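Report on the structure given below.
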Amino acid sequence: MLERAGYEPTLVGSAQEMLDALARGPFEMLLSDIHLPDDVALGFLETLETHPHGKLPTVLITGSPSVETAVKALRHGVVDYLRKPIQTSDLLASVEKAISWGRAMESVEIAQRNAEAWLRSLQAAGEVLRRGPLVDLPAPPARGAGESLLIQQLSTREREIVEHLSGGRRVPEIASALGISPNTVRNHLKSVFRKLGVSSQVELLSLLASEPS
């Protein structure tokens, strides 16, 4: 039935076979009877919570529902709890619901990780900017053999621009200090971004701040 609906199910006959299958790769959801040959008390739900690939949305089916099993299922975040006999349409709806829920949670986790990384970048950039005033800074000192490997990838002009940027100067101020146009500064920055694998001034400052002096 699941194959006809376009899914690729992996069939197992016990809780242990389920864990063995999970060890071979992640899945999008779990559809399981409450009573398994080697587990009749939903113990596998607790095991799944600590399994590397076990934190996946689950749909349980049973022919003998009880308050105890329903409460335990809810406690472990089961997406749906179905009673036999089950209509095909109901089962497919629950499977789709579980998969959609899992994908939504994955999107939320990715967004949270991205937000945390962005916050760390902002904090690092703020620390760099707090090292001195934004205007009327003296020309940055030339760097020699002690330059980081990152800086050594850049041209002389690109190094000058990065030094001014690290010192807190903005694009128009850098252009004035170097006697070039703001567009030229921006073009050099694009080259710097490409060479160092960053996409913004904030990421660049964060990368430079993390480099050993």
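All of the numbers you see were taken from the coordinates with simple rules; none came from a lab. Since this is a predicted model, take the numbers as computed values, not measurements. Glycine gets a Cβ as well: all are built from the backbone with ideal geometry, and neighbour counts include every protein chain shown.
Kirkwood Rh over Cα pairs of region 1-94 into Stokes-Einstein at 25 °C, 0.890 mPa s: D in µm²/s?
For these conditions, the coefficient is 178 µm²/s.
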Problem - For region 4-12, Karplus couplings with θ = phi - 60° (6.51, -1.76, 1.60), whole Hz, Gly/Pro x - result: 5, 7, x, 8, 10, x, 10, 8, 10
Problem - Principal axes of region 53-127: Cα extent on each, largest first, Å - result: 62, 27, 17
Practice task
Starting at the first residue of region 182-194, write each ³J(HN,Hα) from the Karplus equation 6.51 cos²θ - 1.76 cosθ + 1.60 with θ = phi - 60°, in whole Hz, x for Gly and Pro.
Solution key: x, 4, 5, 4, 4, 5, 5, 5, 4, 5, 4, 4, 5
Practice task
Using Cα positions and a limit of under 24 Å, work out the lysines in reach of Lys72, with same-chain residues fewer than 8 apart set aside.
Solution key: Lys55, Lys84, Lys97
Completion exercise
To the nearest 0.05, the calculated FRET efficiency linking Leu207 and Lys55 through their beta-carbon distance, R0 being 35 Å, is 0.60
